[in-house]
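Student: After the structure tokens below, expect a handful of questions from me.
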Amino acid sequence: MELILAFPLVAWLMAIYFSLAFREESAVQNPEKLYRERGLMAVLALCIAAFVLLLFVDMPWIGSVFPKSQP
């Protein structure tokens, strides 16, 4: 349940990638050069760190904000 808190970071990462797609001679056209985009790599590292942190942190209040659905 806690991983839902990382969604804004994933959306931010996808927005940066999308904006790179509209540049001339962008790294998106040559995916092997994506690691050269510092902004993209910084947000990716932040996203990975958030996922790892949220996997190990228990936040019981999230259960009341996002109730489980009935089968």
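Student: Nearest 0.05, what FRET efficiency do residue 62 and residue 14 give at R0 = 30 Å with Cβ-Cβ as r?
Tutor: 0.85
Student: Net charge near residue 37, counting Lys/Arg +1 and Asp/Glu -1 over other residues with Cβ under 14 Å of its Cβ?
Tutor: +2
Student: How far, in degrees from 0 to 90, does helix 7-21 lean away from the longest principal axis of the Cα atoms of the chain, to the nearest 10?
Tutor: 10 degrees
Student: Provide the net charge surrounding residue 17, with neighbours chosen by a C-beta distance below 12 Å and charges set as Lys +1, Arg +1, Asp -1, Glu -1.
Tutor: My count for the surroundings of residue 17 gives 0.
Student: To the nearest 20 Debye, how big is the dipole of the chain about its Cα centre, given +1 on the beta carbon of each Lys and Arg and -1 on that of each Asp and Glu?
Tutor: For this selection, approximately 20 debye.
Student: What's the carbon and sulfur percent of the chain's accessible surface, probe 1.4 angstrom, rounded to a whole number?
Tutor: The value for the chain is 68 percent carbon and sulfur by accessible area.
Student: On the Cα set of the stretch 1-45, report Rg and Dmax in Å, please.
Tutor: Answer for the stretch 1-45, Rg first and Dmax second: 11.8, 40 Å.
Student: Something else about it: With angles folded into 0 to 90 degrees, how steeply does helix 38-56 sit against the dominant principal axis of the chain? Use alpha carbons for both and round to 10.
Tutor: Once rounded, one gets 20 degrees.
Student: Accessible area per residue for the chain in Å², computed with a 1.4 Å probe and the full protein assembly in place, what is it?
Tutor: Ligands and nucleic acids excluded, the result is 80 Å² per residue.
Student: Under the rule of -39500 (n - 2.57) per DSSP H run of 4 or more residues, summed and divided by the residues of the chain, what mean residue ellipticity at 222 nm is obtained, to the nearest 500 deg cm²/dmol?
Tutor: Value at 222 nm, helices only: -17000 deg cm²/dmol.
Student: Can you give me the relative contact order of the chain as a percent, contacts being Cα pairs under 8 Å and 6 or more apart?
Tutor: 44 percent
The values are calculated or read from the model by the stated rules, or taken from the named source; none is laboratory data. Fair warning: this is a prediction, and the values are worked out from it, not measured in the lab. Methodologically, a virtual Cβ is constructed for each residue, glycine included, from the backbone with ideal geometry; neighbour enumeration extends over all protein chains shown. Please note that ligands, DNA and RNA were not included when accessible areas were found on the heavy atoms of the full protein model with its side chains. Shrake-Rupley method; radii C 1.70, N 1.55, O 1.52, S 1.80 Å.
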